[in-house]
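Q: Before I ask anything, let me first share the structure, which is written out below as structure tokens.
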Amino acid sequence: MCGECILAECGRSFEGAHHGDKDVCWRNAGGLPSGQTLGNDSGATHVKLLTPLIAWSAALAITLLRMLCRIRCHADPRPELRAAGEPYIYSVLHAHQVAAVIDGEPGTGAMVSRSRDGELIVPGLRVRGIVPVRGSSHRNGKDRGGMTAFNALVEHVQGGRPAYLAVDGPRGPRNHVNKGIALLSQKTGAAVINIVPVPTRRWILSRAWDRLQIPKPFSTIHFHFGEPIRPRAGEDVELYRRRIEAALNALEAEHDPGEARPSVQETPTP
């Protein structure tokens, strides 16, 4: 999972947040008076005070949606993988994060930054039993949080628990799988499971780069699983990334053609 991802949009979904305008975001949340920006001390204080409120509001929304939505899994390979003792990691699009958290597998690790967005995310993950994996902020004057968190996620998977990544985040382009999922799979030997959740009723943030989807209450969320994808001996990480991307995009095109986007590039099939 990217450091700026899961639930950040849900927790910051005051209009403007998803488009990068944090001043608009916090004004709409009631945190900043008109004309004031985040650069002002009082504005920064308001933001700091509002962060826990927004984070736990998002966590409550996730909890309620889990209670009110039905879950249906299709072609789920996890029982066989568990029976064989084979580790696995989840691969989902940035657009599908909210649904993925709603039915998150307890004990799944998710990479979360130590930024304010990270603080917004953590309560929502924990109420669903997902383990936030945090990195340190800086080391020797350089930001090492991402690498530290990635290494911690490797240890998490090697300890026998799954992990989760929003593979085209945090900024896109949509449907372009970043190499992190391939690296994690290669380092741990874990199979990659692509998932495309499709709610029967949903809100879609059409102006967002990822077209973030939020299931509506009382909808049924259909989780469509792909065949496990495994690392091959000697395979280049870029080729592996392309295999994962091709399979994930094909899965979305099959089960949610109205939202599917063309593949970013020609990619080999698994």
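Each reported figure results from applying straightforward, stated rules to the coordinates on display, with no laboratory input. No experiment lies behind these values; they were computed from the predicted model shown. Backbone-built Cβ (ideal geometry, glycine too); neighbour counts: all protein chains shown.
Q: Which whole-Hz couplings ³J(HN,Hα) result when phi for each residue of segment 99-106 is put into the Karplus expression 6.51 cos²θ - 1.76 cosθ + 1.60, θ = phi - 60°, listed in order with x for Gly and Pro?
A: 4, 4, 6, 4, 10, x, 6, x
Q: Right, another one. How much length is gained on full extension from E105 to R82, taking 0.36 nm per residue of separation minus their Cα-Cα distance?
A: 7.0 nm
Q: As an exercise, use a Förster radius of 35 Å and the Cβ-Cβ distance of T220 and N151 to find the FRET efficiency, rounded to the nearest 0.05.
A: That pair, T220 with N151, gives E of 0.35.
Q: For M111, what residues show an amide H to amide H distance below 5 Å, using hydrogens built from the backbone and excluding near sequence neighbours?
A: Under 5 Å from the amide H of M111 lie the amide H atoms of V133, Y164, each far enough along the sequence or on another chain.
Q: Right, something else. If you rank L183, L60, L251 by fewest surrounding Cβ atoms within 10 Å, what's the result?
A: In order of increasing Cβ crowding within 10 Å: L60, L183, L251.
Q: Rounded to whole Hz and in sequence order, give me ³J(HN,Hα) for segment 171-179 from the Karplus expression 6.51 cos²θ - 1.76 cosθ + 1.60, θ = phi - 60°, writing x for Gly and Pro.
A: 10, x, x, 4, 6, 8, 6, 6, 6
Q: Placing unit charges on C-beta atoms (Lys and Arg positive, Asp and Glu negative, everything else neutral), compute the dipole magnitude of segment 124-241 about its Cα centre in debye, rounded to 20.
A: In debye, rounded to 20, segment 124-241 gives about 480.
Q: Using label points projected 7 Å from each Cα along Cα→Cβ, tell me how many nm separate D236 and H176, to one decimal.
A: For D236 paired with H176, the spin-label model returns 1.8 nm.
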